[in-house]
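Engineer: Let me give you the structure first, and then I'll get to my questions.
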Amino acid sequence: MIYLDNAATTWPKPEAVYVEMDSFFRNYGANPGRAGHKMAAHAGRKVYEVREAVAEFFGAQDSSEIIFTTSTTHSLNLGIKGVVKVGDHIITSSLEHNSVIRPLKELEKEGVIELSIVELDESGDLDLEMLKKSIKVETKMIVVSHGSNVTGHLFDLKKIGQVAKDNKVLFMVDAAQTAGVFPINLSELNVDLMAFAGHKSLYGPPGTGGLFIRKGTEVKPIFAGGTGSKSEELYQPEVWPEKYESGTANSIGIAGLGEGIKFIKNEGLDKIRAHEMSLCQSFMNGLVEIENVKIYGPGVEKPRTPVVSFNIGEESSSEVGYILDQVFDIAVRSGLHCAPLTHQTIGTLQQGVVRASFGYFNTQTEINQAVIAIRQIADKVS
Ligand SMILES: Cc1ncc(COP(=O)(O)O)c(C=O)c1O
């Protein structure tokens, strides 16, 4: 099997992730932070250590600014619903995943917020002039993804953060597609909230994710419940990160995430990105040579993520994905990718797209085989 669906979740994981999760589960599977016995204390210490590692990885000043969640979707819901108040105006982009768009649309439908959606400019970047013009007195927050899961567009967090800062509005980033591939230094960026996946390019298991909340940002928890701290109080404690982490933590997953981050640090973020971008470039160069293949998103010369969406003529993207899987044993994602506005923007709401996304464990040989397979399918359908 050639796995080219790393934008959904990376696979395989580094060996150390499997080993750590198995051993941690067997030996320290107690509830972290809920009891004084040795096993619970060890589990709690592990969660703390990984929180510190995540904070350091992203340049957060204080590890209590890192909230563990189950997924990017959970983090985005916490960030969005925790921040907005009745009458707020929120700005987002036309390239967002449903985990941004749906909470916002729901709030808009309920009459809680007003929503503006900024399009791309002619060069294919987020239209910063339109962004600036969209800001008004009621604007509370700008929420955009760092990297698109469909087109591979990469947004400039420095520039957007500056617009947010100049206008005194909050800036929230969906880093699902970039955390673990692109350097993100929160000490240098004007980012107030950042949602990330543990299970994608940070190489942790499914069920892990996180939200960075910069100290001083007012965010209401969306859950209340047991935190293992201030047990005598009837109200949710104010202390971070517990304020946002009610319920038993996914300590086994978090232990795995810790190993994923160690792996990235040992290999080197730049080396990982260079490898993935080289595969991406080679794949795009291969597809460009095939007559009836259309590639969406920025060209190889532009800043982009290692995600390539394409179609073969008018052929249904689902059919192409099915053939790649069944005939060539190549796993891609096809159809619509939880981002209807993105498909609208690139004109693929009907056809969908075939998406190949690359991870550190993919090889050049696999990319060559994938290009050959796509050429064979294209030859047949033309
Ligand atoms: C840009 C983007 N945002 C959010 C998500 C949701 O991530 P999760 O599956 O961790 O909830 C994804 C998932 O693919 C994504 O690509």
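Engineer: Would you tell me the accessible area of TRP240, worked out with a 1.4 angstrom probe on the heavy atoms of the protein chains, in Å² to the nearest 10?
Structural biologist: Counting only protein heavy atoms, TRP240 exposes about 40 Å² to solvent.
Engineer: Name the most mobile residue of GLU238, GLU52, GLU122, meaning the one with the largest mean-square fluctuation, in a Gaussian network model of the chain with Cα contacts below 10 Å.
Structural biologist: GLU122
Engineer: Using a simple spin-label model with points 7 Å from Cα along the Cα→Cβ vector, what separation in nm is obtained for ILE372 and SER316?
Structural biologist: It works out to 2.9 nm between the two label points.
Engineer: So for the pair ARG45, MET1, with labels modelled 7 Å out along Cα→Cβ, what separation do we get in nm?
Structural biologist: 3.7
Engineer: If you fit an axis through the alpha-carbon atoms of helix 269-288 and take the longest principal axis of the Cα set of the chain, what angle between them do you get, 0 to 90°, nearest 10?
Structural biologist: Tilt of helix 269-288: around 30 degrees.
Engineer: Moving on. What figure, in Å² to the nearest 10, do you get for the accessible area of LYS158 with a 1.4 Å probe and non-protein molecules left out?
Structural biologist: About 130 Å², rounded to the nearest 10.
Engineer: A follow-up question, please. How far is it, in nm, from the label point at LYS132 to the one at ILE222 when both lie 7 Å from their Cα along the line to the Cβ?
Structural biologist: Modelled inter-label distance: 3.3 nm.
Engineer: Now for a different question. Using a 1.4 Å probe on the protein heavy atoms only, what accessible surface does ASP156 show? Give it in Å² to the nearest 10.
Structural biologist: Its heavy atoms expose roughly 70 Å² to the probe.
Engineer: Which value results when the Cα radius of gyration for the chain is divided by 2.2 N^0.38 Å?
Structural biologist: Details: Rg = 21.3 Å, N = 382, 2.2 N^0.38 = 21.1 Å.
That works out to 1.01 for the chain.
Engineer: Can you give the extra length, in nm with one decimal, that the chain gains between LEU115 and VAL327 once fully stretched, where that is 0.36 nm per residue apart less the Cα-Cα distance?
Structural biologist: Values: separation 212, 0.36 × 212 = 76.32 nm, distance 4.45 nm.
Here the segment from LEU115 to VAL327 would lengthen by 71.9 nm.
Engineer: Can you tell me the length gained on complete extension of the stretch LYS159 to LYS38, counting 0.36 nm per residue apart and subtracting the Cα distance? It would help to have the intermediate numbers written out before the result.
Structural biologist: Values: separation 121, 0.36 × 121 = 43.56 nm, distance 4.80 nm.
Answer, rounded to one decimal: 38.8 nm.
Engineer: Once you've got the Cα coordinates, tell me which of LYS13/LYS243; LYS133/LYS168; LYS168/LYS265; LYS133/LYS220; LYS46/LYS220 are over 23 Å apart. Don't skip to the answer; put the middle values down first.
Structural biologist: Working: LYS13/LYS243 31 Å; LYS133/LYS168 14 Å; LYS168/LYS265 34 Å; LYS133/LYS220 29 Å; LYS46/LYS220 26 Å.
LYS13/LYS243; LYS168/LYS265; LYS133/LYS220; LYS46/LYS220, as the Cα separations exceed 23 Å there.
Engineer: Using 0.36 nm per residue, how much length does the chain from VAL239 to LYS140 gain when fully extended, once their Cα-Cα distance is taken away?
Structural biologist: Working it through step by step, the gained length comes to 33.2 nm.
Engineer: Quick one: ranking PHE57, PHE223, PHE361 by accessible area, 1.4 Å probe, largest first, what do you get? Don't jump to the answer; show the numbers that get you there.
Structural biologist: On the way: PHE57 45, PHE223 120, PHE361 80 Å².
These residues rank, largest area first, as PHE223, PHE361, PHE57.
Engineer: Now for a different question. Output wanted: per-residue J couplings in Hz (rounded whole) for segment 291-307, from phi through Karplus 6.51 cos²θ - 1.76 cosθ + 1.60, θ = phi - 60°, x for Gly and Pro.
Structural biologist: 3J(HN,Hα) across segment 291-307, in whole Hz: 3, 9, 9, 10, 9, 9, x, x, x, 4, 6, 9, x, 7, 9, x, 10.
Engineer: Could you list which residues have their amide H under 5 Å from that of ILE67, counting only those 5 or more apart in sequence or on another chain, with H placed in the peptide plane?
Structural biologist: Answer set, sorted by chain and number: LEU211, PHE212, ILE213.
Engineer: Residues with amide H under 5 Å of ILE2's amide H, sequence separation 5 or more or different chain, H placed in the peptide plane at 1.01 Å from N; which?
Structural biologist: Amide H neighbours of ILE2, under 5 Å, 5+ apart: ILE330, ALA331.
The values are calculated or read from the model by the stated rules, or taken from the named source; none is laboratory data. Keep in mind the model is a prediction, meaning the values are calculated, not measured. A quick note on method: Cβ atoms are made from the backbone with ideal geometry, for glycine too, and the neighbour counts reach across all protein chains shown. The accessibility values were calculated without ligands, DNA or RNA, using every heavy atom of the protein model including side chains. Shrake-Rupley method; radii C 1.70, N 1.55, O 1.52, S 1.80 Å.
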